1. Quick one: if you stick a label point 7 Å off each Cα along the C-beta vector at residue B:446 and residue B:321, how many nm between them?
2. If all Cα-Cα distances of region B:629-744 are sorted into 5 Å bins from 0 onward, what percent lands in each bin, rounded to whole numbers?
3. Relative to the longest principal axis of chain B, what angle (0 to 90°, nearest 10) does the C-alpha long axis of helix B:361-402 take?
4. Regarding chain B, what are the three Cα extents along the principal axes, ordered largest first, in Å?
5. Please report, in whole Å, how far the alpha carbons of region B:153-343 spread along each principal axis, starting with the longest.
6. Residue farthest toward the positive end of the dipole of the protein assembly as shown, with Cβ of Lys/Arg at +1 and Asp/Glu at -1: which of B:17, B:213, B:161?
7. Would you mind getting me the FRET efficiency between residue B:358 and residue B:712? Use the beta-carbon distance for r and R0 = 30 Å, nearest 0.05.
8. Between residue B:791 and residue B:402, what is the label-point separation in nm under the 7 Å Cα-to-beta-carbon projection?
Amino acid sequence: MASTDIRDLQKGSAEMIVLALLEGRARHGYELAKLIESQSDNKLQFHVASLYPLLYRLERKRLVEGRWVEKAGERRRRFYRLTSEGRRALEHQRRTWREFVDALNVLTRFGHA
Amino acid sequence: MHNWQQYVRERLSHITVSPERECEIVGELALQLEQAYTGALTGGATEQEALSHARNQIRNWDDLAREINLAERYVPAPSEKDRPFSGFVADVRYALRFFRRNPTFTAIAVLTLAFGIGGNTAIFTLVDAVALRSLPYSDPSRLTAIETRKSQQPEIEPWTSALDFFDMRDHFQSFSHLAGISPIWNLVLTGNQPAERVEALFVSASFFPMLGISAARGRTFTSEEDNRSTPSRVVVLSHGFAERHFGGRDPVGSSFSMDGASWTVIGVMPVGFRYAGEPVSGTASDIEAWFPLSANPLAASARGLRFLKVIGRLKPGVTLERAAGEVAAIGGSLAEKYPATNQGFTDSIQPLSQQVISKFRGPMLLLLGAVGFVLLMACANVANLLLARAATRNREISVRIALGASRFRLLRQLLTEGLVLAVMGGLAGLTVAYVGLMYLVRTGPEPLVRAWPIQIDARALLFTTSAALLCAILAGLPPALRMLRGDANNGLREAGRGLTAASHRLRSGLVILQVSVALALLVGAGLLVHSFERLLEVDPGFQPRNLATISTLIYQSARTPAARTTLWGELHDQLLATPGVTGVAAVSRLPLMGSNLGSWLYKEGQTTGQPPLDVEYRVATPDYFRVMGIPLRAGRLFDDHDDANAANLVVIDEAAALRVWPGEDPLGKRIKLGSDAATAPWITVIGVVGSVRHMSLENAPPPEIYRPYSASPMISPILVVRTATDPEPLLGPLAAKVRGIGPNVSAYNVFAMQTLVDRSTEQRRFVMLLVGGFAVMAVVLAAVGIYGTVSQAAYSELPKSAYGWLSAQPRKPLFR
C-alpha cells in the first residue's frame, strides 16, 4: 500500500527529480536510474520504460540537452545536462513543491507526526 | 556477446520518429540493457540471471514505444528561441554564407541596390535641406509672410511700402511680431583696406526676436535703435564677417566705416545663421550685416515706394485663416484711405516656409519622383535576381518543407536574405550617396546648394534605412511567396529544371514594370530636354557673346550727380583704352538678374481713375544698346547731345509699346513716371528697342522703359564691356582697372555675359541632367532585368529544345 502511494507521488515529481539530479553535472540514463534507486533507499524506482521517455520529453521541452560523449577507455554514452531553461524550471518546481508541502504541513500537521 | 542493439530494434518496431532519431534511441536503450547485464554479471549473477535481469528492464515494449512516440511528438510552448525573431542571427549567417559562395550574384544585386538607395539618399538629402525641413527658427509653423501684390499684374514681385508696413504693425491683432525687411542692400566697406562690397539687410528690431534667434555675442537691435525719427547707426554682423575682419577679437563696441558712415557693432550672429525667406531665398547671397530698418535711406520714403518684405509671427491660438481675414481687411482699409497709392493691390498671407520653398518645390518633387522610380527598378531587378536564384533552390526549399519546416520559418529566412542584401546595398549606397552629394553640391546651381547646409545626417540615415527595408520587402517578398506557394513535390520534380510557369509570369511582370517605368522616365527626361532646348533657343534680346560685365559700387561721397558723371567718364575712357575692348556702357541692372526698380507709367490721355501700369525701369548710358546688341526697332537711341534735355526723354521696349499703345506708333507720345501723376513731368518716347529677357529666359519680358544716364547718374553702375574676342582673359585686367579708379570703388560680379545666360538656366539644366541620368540608369536596369529573364527562360527551356533538336535529326544509327 505504502509503495503504491510513493509511486503515485513519484509520477508527479519525476520531472523535478531528474532535473535535480542533473543540476550538479551531466549524467547518462543508466547512471540516473542507479542514482534514483540508491539515493531513495530503493523506495523510488524509475523503470527504463518510464525514465527514457521522460528524458526525451524533457529534451523536447528544452529543459535538458542530450549529447553523445565518448570518453577514453569507455563506451560512447548519451549524457544529459540541464539547460538554463531547465534550471529555471527546476527552481520553479522546487518552489511549488515547497509551497505544497508547507500547505500540507499546516493542514495535516504530518511534520509533527 | 549479446547483440543488444538488434534486441532492442526488433522489439521497438512501433516507434515513429526519423531514422536518425530512431538510431539514437535504439543505441541508448541497448546501452542501458547492456549495462544492466554487465552490472548483474559483475554482481555475481549467472549468465542466465544477468540476461533475465537485463531483459526485465523493459517488459512492455509496446508501452515504451507509445511513450516514446508521445514524448517525441511533444510540441513545446514557444520558447525564446521560437519567437518570431529568434533564429534571426542564424538566418543572417546562412544568407551571408550563400552570398559569399555566389560573389557575382551578390555583387550585381548589391551594386544595383547601392545605386538605387544611394541615389535616393543623395536626392533626399538635397530635397530635405531645400524643401522639406522646417525652418531653423523657433516655432517656425507660426511664421508667416504677408505679401502685397498688384491685382492686375500678379506676376510682379510683391513689395510693401514702409508707411503701409508701419500702419499694418499698428493695427494687426493676429500677430505677436511684425517685421519689415529691405531688399538685399549692397554697401561699400571703406577704411584702410581696399573697398569691399557687403551684402546687407535692413530689418525691424522685431526681426531677430521673431525668429527666436539671439546674437552669439553682444545683442540685436532694440526698438529705440529702430526708431523712425532718430535711427541709430548700429550694426549686427554675421559670424563670417566678424571672423574675417576682427579675427579673434570681440568686435562688439568697435566701429567701422560703411558707405561713408560710421557704424557701431552691437552684436555678432551665431555661426550658420541665415535668413531663409525673401528677399534672400532663391539667391546665393550671403548677408553679412544687418542694420535697423529705420536707418535705411528709403525708410522715410512716400507710400508709393514699395521696397519691403513683411513677415509676422502669429499669436498663439490664431489660425492662418483668421490672420488672412485681418490682412485682407487692413489692406482694404488702406486702399480706401490712400486710393492713389494703394488701390488695385491685394494683400495675402502664407506660411513663411511656403514662401521659402515655392521656388524649388516643383523641381525637387520631380527629382524625388524620378529617383524613386529608379529605386523601384533596382528593387524589381534584385527581385528578378532572387527569382532566378529560386530556380536553383527549389529542391532545397521543397526538401525543407517536406521535412516539416514551417512556411513562416522559410518565408522569414527568404526575407532575411532580401534584408541582408538590402543592408549591404544600403551601406554601399551611403558611399554612393556621399560621393553623389559632394558632386551635387559642387556642380549644383548656387541658389540651390549654397543656401542650405546639405550633408548626410540622421534624417538621411533614417531615410536610407527605410529605403533599404522597403527594398528588402519589395525585392525579397515576390520570390519568397512564389517559392512557398509552390507544391513541395512539384519543387522536387522541377528541381534543376528551372522555374515554374508562374515564376516566369512573375518575372515577366517585373520586367514589364521595369520597361514601363524606364519608358516613363525616358519620356519625362525627353520632354525636359526638349523644353530645355527650346529655352536655349529663346532669344535673350541681346548678344551675350564677347561681352563682359563688372558690377561696381561707388563710395557715398562720390555720389553727387556731378561726381558720378565724372567717375563714369573716367571709367568709360580707361576701359575703352584696354586693347581688345570695342565698347563700354553702363546700366542700372543687368538682364536676367530679375527686377530692377519698378515705376508707374501714366500715358497722356489716360482717363482719371484708370490704374497706372507697372513697368520695369532701367537707367542706361547712350552706348548701352549698341554694346549689348539690343536692336533699335523705331525712332532713335539716346545720344551724347541729349544731356540738356535728357530728363525729358525715354526709350521703351516693344513690350511696353504693345501694352501701352497697342496698334499705335509710340514715337513722340508722352508719359509720366512715378507715384504722383499730378506733379511728375511729361517725358517723350524717342525710340523703341527690342525686348530683353530681364527676368529670366523662361518669362516673357515685362514692359520696360530706359532713362538716360545723364538724367539719373547711377550710384552703382553695372559696366558692360564688348570685346573683340573671348572676354575671359580680359576679366582680371578690366576689374583691376575699375578698382584702380579710386580706393573707394569696388568691383564685383566680374564675369562673361554668357556665364550669366548659362546661370539663368542652371537650375533647369541641373534638374534635366539629373532626371536624364536617372532615366539612363533606369534603362540600364531594365536591360539587365530583360537579360536576366531571357537568359533564365532560355536556360529552363534548354532541355526541351535539346530534345526537340535531337528528335528532329535524321534517324541514323550513332554507331555502325
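Where a number appears in this text, it was derived from the coordinates with a stated rule and is not lab data. Because the structure is predicted, anything quoted here is derived from the model rather than measured. Virtual Cβ from ideal backbone geometry, glycine too; neighbours counted across all protein chains shown.
1. Computed distance between label sites residue B:446 and residue B:321 equals 4.4 nm.
2. 2, 10, 15, 18, 18, 15, 11, 7, 4, 1, 0
3. 10
4. Over chain B, Cα extents along the principal axes are 144, 78, 52 Å.
5. So the extents along the principal axes, rounded to whole Å, are 52, 36, 33.
6. Sorting the options by dipole projection puts first B:17.
7. Details: r = 33 Å, r/R0 = 1.12.
Here the calculated transfer efficiency is 0.35.
8. Roughly 3.0 nm, to one decimal.
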